[in-house]
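Novice: Sharing a structure, written as structure tokens. Questions coming.
None of the figures in this text is laboratory data; all of them are computed from the coordinates on show. This structure is a prediction, so every number in the text was calculated from the model and none was measured. Here the Cβ positions follow ideal geometry from the backbone for every residue, glycine too, while neighbour counts run over all protein chains shown.
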Amino acid sequence: MPIPSAPQHQPRRGELVADAGNNNIHGLYMDTLDGEAYLRPLQGGVEWTTSPANLRPVPHPLPARPAQPAVRRSKPRDANSVQLASS
């Protein structure tokens with residue numbers, strides 16, 4: 001007698017999921033196109049594809065963190081030190 005398989009997880013766009021086909025790495029579900037599920041790394045970056053059958057829910061999502069600027073200045077900008085070229 002065959003063992004029944006678990007129903008396939010149907011994530012919502014933007015939901016945090018685990019990719020069982022890639023060491024359960026976590027990613028944000030973006031969409032499924034042509035039979036491939038597209039996931040994006042949590043910190044942004046290049047999407048990767050996996051089989052929709054590999055998607056698993058993440059029971060305890062990571063707490064939301066406030067957005068951080070992509071680049072931080074080492075020193076505040078000093079308006080007096082900026083010189084514009086004169087024409």
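Novice: Picking from Asn22, Gln43, Leu33, whose Cα lies most toward the positive end of the charge dipole for the range 9-56 (charges on Cβ: Lys, Arg +1; Asp, Glu -1)?
Specialist: The residue sitting most towards the positive pole is Gln43.
Novice: Does the range 9-56 come out rounded, prolate or oblate, given a ≥ b ≥ c as the square roots of the eigenvalues of its C-alpha gyration tensor, rounded meaning a/c under 1.5 and, failing that, prolate meaning a/b above b/c?
Specialist: It comes out rounded by the Cα gyration axes.
Novice: Measure off 7 Å from each Cα along the Cα-to-Cβ vector at Glu36 and Leu16, then give the distance between these two points in nanometres to one decimal.
Specialist: So the two model labels end up 2.6 nm from each other.
Novice: If you don't mind, another one. Would you work out the relative contact order for the range 9-56, in percent, from Cα pairs under 8 angstrom that are 6 or more residues apart?
Specialist: 35 percent.
Novice: If we count other beta carbons within 10 Å of each Cβ, what is the order of Val17, Val58, Val46, fewest first?
Specialist: Ascending number of Cβ neighbours within 10 Å: Val46, Val58, Val17.
Novice: Quick check on the exposure proxy: order Asp19, Asp31 from fewest to most C-beta atoms within 10 angstrom.
Specialist: The order, fewest Cβ neighbours first, is Asp31, Asp19.
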